[in-house]
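The values are calculated or read from the model by the stated rules, or taken from the named source; none is laboratory data. All of these numbers come straight from a predicted model, not from anything done at the bench. Please note: Cβ atoms are built from the backbone with ideal geometry, for glycine as well, and neighbour counts cover all protein chains shown. For the accessible areas, the whole protein counts, side chains as well, though only heavy atoms, and no ligand, DNA or RNA atoms are used. Shrake-Rupley method; radii C 1.70, N 1.55, O 1.52, S 1.80 Å.
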Amino acid sequence: MSATLAILTIGVIPISAVLPLLTEHIDEQQITHVSLLGNMEPDDVLAEYGSQAGEAEIYVLLKDSNVVAVSRAKVERDLQSTIEVMDNQGFDVIMLMSNEKFTGLMAYNAILLEPQRIIPPLIASIVDGHQVGVIVPMRELLSVQEQKWQGLQNPPYYALANPLSHSADELVDAGKTLMAQGADVLVLDCLGFHQKHRDLLHKSLDVPVLLSNVLLARLASELLV
């Protein structure tokens, strides 16, 4: 019996870039994609997942191409409920595609892949003392980066470039800024970045570039053999 994979996203995340990595081992028909909020009307998202004053928030991309802040607690609650449904449906691997760090998510039968438990220590082991430069899409995400990358030997440098709204030149300029500060490895830490962005930076700047979602997809593919 072929292995089955469920990809779980919060907002709108294009998964077409990682599918070729996953379908090396299983048929695309064995892959199911579920988005918690991505198919909802924006007004409904804000009505059901809007945050109260002082409540912790996360940022999600909705189907109208706008990024909104929603309640972290409400999203985490419904992510766990969705994971339980997937687990009961018999999926072998559940891959959460989100750069947010959640606590308490679990699957009892399936293997649950959470990027924030896997990617930071994996990248720390890969770069092994090199100076990392991290490119993130929004200034609002910088506040959580220090904790996220605390496993790196050297604190990383940061630059902003949004794959949805910035040009290729702006992405390259962000990479140049990081290299000028001393970075010799770049990390694209946004699920909107794809292989084409990695290839652009590598070709333009001749620097190693790590892509978070590709690392996660490659790990998932090994579990599907």
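Restricted to Cα atoms, region 101-199 shows a radius of gyration and a Dmax of 14.4, 47 angstrom. For the chain, modelled as a GNM whose springs connect Cα atoms under 10 angstrom apart, the maximal fluctuation among V187, V136, V207 occurs at V207.
Per-residue 3J(HN,Hα) values for region 78-86, derived from phi via the Karplus relation 6.51 cos²θ - 1.76 cosθ + 1.60 with θ = phi - 60°, read 7, 4, 4, 4, 5, 4, 5, 5, 4 Hz in sequence order (x marks Gly and Pro).
Among the protein heavy atoms of region 1-156, carbon and sulfur supply 48% of the accessible surface, probe 1.4 Å, non-protein parts ignored. Taking the chain as a Gaussian network of alpha-carbon nodes connected by springs under 10 Å, the highest mean-square fluctuation of the residues I126, I15, I111 belongs to I126. Taking the helices alone, the chain has a mean residue ellipticity at 222 nm of -11000 deg cm²/dmol, built from -39,500 (n - 2.57) per DSSP H run of at least 4 residues and averaged over all its residues. Computed on the Cα atoms alone, the convex hull of region 1-134 gives a volume of 150 cubic angstrom per residue.
For the chain, the longest stretch holding no GluC sites (Glu not before Pro) located in a DSSP loop with at most 15 other Cβ atoms within 10 Å is which? Longest gap between qualifying sites, sites excluded: 56-225.
Cross-link partners of K74 among lysines, defined as those whose alpha carbon lies under 30 angstrom from its own and excluding same-chain residues fewer than eight positions apart: K63, K101, K148. Under the combined filter of DSSP loop state and at most 11 neighbouring Cβ atoms within 10 Å, region 62-148 retains these chymotrypsin sites (Phe, Trp or Tyr not before Pro): Y108. Using the 1.4 Å probe convention, the accessible area of the chain works out to 50 Å² per residue with neighbouring protein chains retained.
Rounded to the nearest 0.05, what FRET efficiency do Q145 and D64 give with R0 = 22 Å and r taken as the Cβ-Cβ distance? Could you check?
In this case the efficiency is close to 0.20.
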